[in-house]
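S.K.: Supplied in structure tokens, the structure appears directly below.
The values are calculated or read from the model by the stated rules, or taken from the named source; none is laboratory data. Small disclaimer: the values here were computed from a predicted structure and weren't measured. Note that each Cβ is placed from the backbone with ideal geometry, even for glycine, and that neighbours are counted across all protein chains shown.
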Amino acid sequence: MTTAQLKETPLASAHRSCGARMVDFAGWNMPVQYKSIMAEHTVVRTKVGVFDVSHMGEFIVKGAGAFDFVQYMIANDLKKLSNPNTALYTQFVMPDGGTVDDLIVYRRESDFLLVVNASNIEKDWNWLAKHKSRFNDVTLDDASDRTSLLALQGPKAVALLKELVGEQVERIAGFGYGEGKAGGISISFGRTGYTGEDGFEIFVNPADAEKLWNLLLERGQKFGIEPCGLGARDTLRLEAGMPLYGHELDEQTSPLESGLGWSVKLDKGDFLGRDAMQKQKADGFAKVCACLKVEGKALPRQGYSVLKDGSPVGQVSSGSQGIFVGYPIAMAFVPPACATIGGVLAVEIRNSPALATVVKRPFYKRGPLV
Amino acid sequence: MAGAEGSKVLSYPSELKYVKTHEYVRVEGGNLATIGVTAFAADQLGDVTFVELPKVGQKLKLEEKFGVIESVKSVSDLFMPAGGEITAINDRLASEPELVNLDCYGDGWMIKVKLDNVDELKDALTADGYRDFVVD
């Protein structure tokens, strides 16, 4: 394995000492798994897991024009963040409706923090820089290299972070944002994640990242914490019906086609991609993303054909074993007529069709918090 | 497959023969053999979710595909390390595919074969030879 050119997070050596298998992910040497993807998936659904996602990008947008600029760049409505310390999920959309990236926008006291995919940092930066000139008084700052990010996810995540940071943790609502100290380390955190579980994404100075990682593992022991890799992160997000850029979203796919209409606010005023998406909505979609429950034991995988009455109608964008739900699952792009809930399709797996039923998104939804 | 970076120590019993497609063969007297995948293969695949095996009585040649092994991460074909007739398959793998991860040389075996010609194994690797092969 050639790792010389790969970037590493400050936790690379901590991962190796946890027994991680490291892989190249978007140019980063990242842990794909420690012991087992299934065990890591299960610990996040039942207890708590911690992920290093320091490869993700962080941009800070400041200035009197920051609101208008961000509002113009994203498909969701920034007006929903009427108070500081709140966040929303959204996408950057191109004028033709294709997706540049998906991201979380945090409104903080005096700026906006945009957390973007590692694979798209440079593209996103150029995209923002290109459109910034239309707005007065906007400062754009790439904070990726001075920000590490740990995701603490699972039903015990709140209890653990509360022990370390204090009662305030519990008062932060879903998609809320707060700051505090854990074992003397300054951190900020959003009650966000990419697993379908409750939890936090914790921002920390890279110099403190390893100390925080070790603190979480040590103090999380009594909650059953395990370090979790990108393998489990992928199976968890798929089970939770969340899109992954490059699979369910890309430059040829709009957020509407991907089934993210709940996060697209066409009536919020002018923004990039609005006209194209309005037209898609009026004319009808060429393809939509469907969730498939697949029969049998063979797994549907990206690129496999989806059949209707024996004829190909689309392709799997992500597929795997639904580790917690207990059956193979897939997301696939098919014509809208084939995406009716309860409709029967098939996935062609090694020349043999496996029956697939269109089901509601997500495959897995966590129970009530209390 | 990339080299393992984990700290796990993988074992390669010396009484077995190994092939570069990561199957092992245990010759059990005469021309009867048990075949499965190596600890290296099981480790690289990660959690095995499904093993597709041939039917008893099927005759397969050296290097012919005898099945498919699927894990959360990937899917691979399984190849005959020597030709022969399938005399048994491990039915437990249908409900407990994780046996491949837990005990690949024991309860995680895949097929039993009546070999056509034991000499087909003369180019197979020894445990040391296979270990050297996967370390590279």
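S.K.: What's the number of the only condition in (1) surrounded by 14 or more Cβ atoms within 10 Å (Cβ to Cβ); (2) within 25 Å of residue A:229 (Cα to Cα); (3) under 15 Å from the mean Cα position of the chain (by Cα) that residue B:47 fails to meet?
M.R.: (3)
S.K.: Could you list, in sequence order, the residues of region A:150-181 that are in contact with a helix residue (DSSP H, G or I) (Cβ under 9 Å, 6 or more places away or on another chain) and either under 14 Å from residue A:195 (Cα atoms) or hydroxyl-bearing (Ser, Thr, Tyr) (or both)?
M.R.: A:150, A:151, A:152, A:153, A:154, A:155, A:156, A:157
S.K.: Applying the selection to region A:1-18, what residues are within 20 Å of residue A:152 (Cβ to Cβ) and at the interface with another protein chain (Cβ under 10 Å from one of its Cβ atoms)?
M.R.: Scanning region A:1-18 gives A:15, A:17, A:18.
S.K.: Could you tell me which numbered condition residue B:71 fails, if it satisfies all but one of (1) of a type in the set (S, T, N, Q); (2) more than 20 Å from residue A:33 (Cα to Cα); (3) surrounded by 15 or more Cβ atoms within 10 Å (Cβ to Cβ); (4) touching a helix residue (DSSP H, G or I) at 6+ places or on another chain (Cβ under 6 Å)?
M.R.: That leaves (2) as the condition not met.
S.K.: Give me the residue from region A:325-340 that is within 24 Å of residue A:45 (Cβ to Cβ) and among the β-branched types (Val, Ile, Thr) and, out of that set, surrounded by the most Cβ atoms within 10 Å (Cβ to Cβ).
M.R.: If we take residues in region A:325-340 being within 24 Å of residue A:45 (Cβ to Cβ) and among the β-branched types (Val, Ile, Thr), then A:329 is surrounded by the most Cβ atoms within 10 Å (Cβ to Cβ).
S.K.: Which of the residues belonging to region B:57-104 are among the hydroxyl-bearing types (Ser, Thr, Tyr) and not in a strand (DSSP E or B)?
M.R.: Scanning region B:57-104 gives B:74, B:95.
S.K.: Would you please name the residue that is farthest from the other protein chains (Cβ to nearest Cβ), looking only at residues in region A:23-42 that are surrounded by 23 or more Cβ atoms within 10 Å (Cβ to Cβ) and not acidic (Asp, Glu)?
M.R.: Per the stated criteria, the residue is A:30.
S.K.: Regarding region A:228-250, can at least one residue be identified that is more than 14 Å from chain B (Cβ to nearest Cβ), acidic (Asp, Glu) and within 20 Å of residue A:119 (Cα to Cα)?
M.R.: yes
S.K.: While we're looking at this one, here's another question. Hey, among the residues in region B:7-36 that are hydrophobic (A, V, I, L, M, F, W, C) and part of a loop (DSSP other than H, G, I, E, B), which one's modelled with the lowest pLDDT?
M.R.: B:9
S.K.: Just to check your reading of the model, which residue among A:165, A:116, A:138 is among the hydrophobic types (A, V, I, L, M, F, W, C) and either closer than 22 Å to residue A:233 by Cα or within 24 Å of the chain's Cα centre (by Cα) (or both)?
M.R.: After ruling out the rest, the residue left standing is A:116.
S.K.: Name the single residue that is farthest from the other protein chains (Cβ to nearest Cβ) among those in region A:43-69 being in a helix (DSSP H, G or I) and more than 19 Å from the chain's Cα centre (by Cα).
M.R.: A:68
S.K.: Condition first: over 23 Å from residue A:208 (Cβ atoms) and crowded, with 19+ Cβ neighbours inside 10 Å. Now tell me which residues in region A:3-22 satisfy that.
M.R.: Residue satisfying the conditions is A:21 alone.
S.K.: Another one. If you scan region A:316-352, which residues turn out to be away from chain B (no Cβ under 14 Å) and at pLDDT below 95?
M.R.: Matches in region A:316-352: none.
S.K.: Does any residue in region A:299-310 that is away from chain B (no Cβ under 11 Å) come within less than 8 Å, Cβ to Cβ, of a residue that is part of a loop (DSSP other than H, G, I, E, B) six or more places away or on a different chain, and which pairs are these?
M.R.: Hits for this filter: A:302/A:247.
S.K.: Let me confirm something: among A:38, A:1, A:56, which residue is under 20 Å from residue A:119 (Cβ atoms), modelled with pLDDT of 95 or more and among the aliphatic types (A, V, I, L, M)?
M.R.: Residue meeting the stated conditions: A:56.
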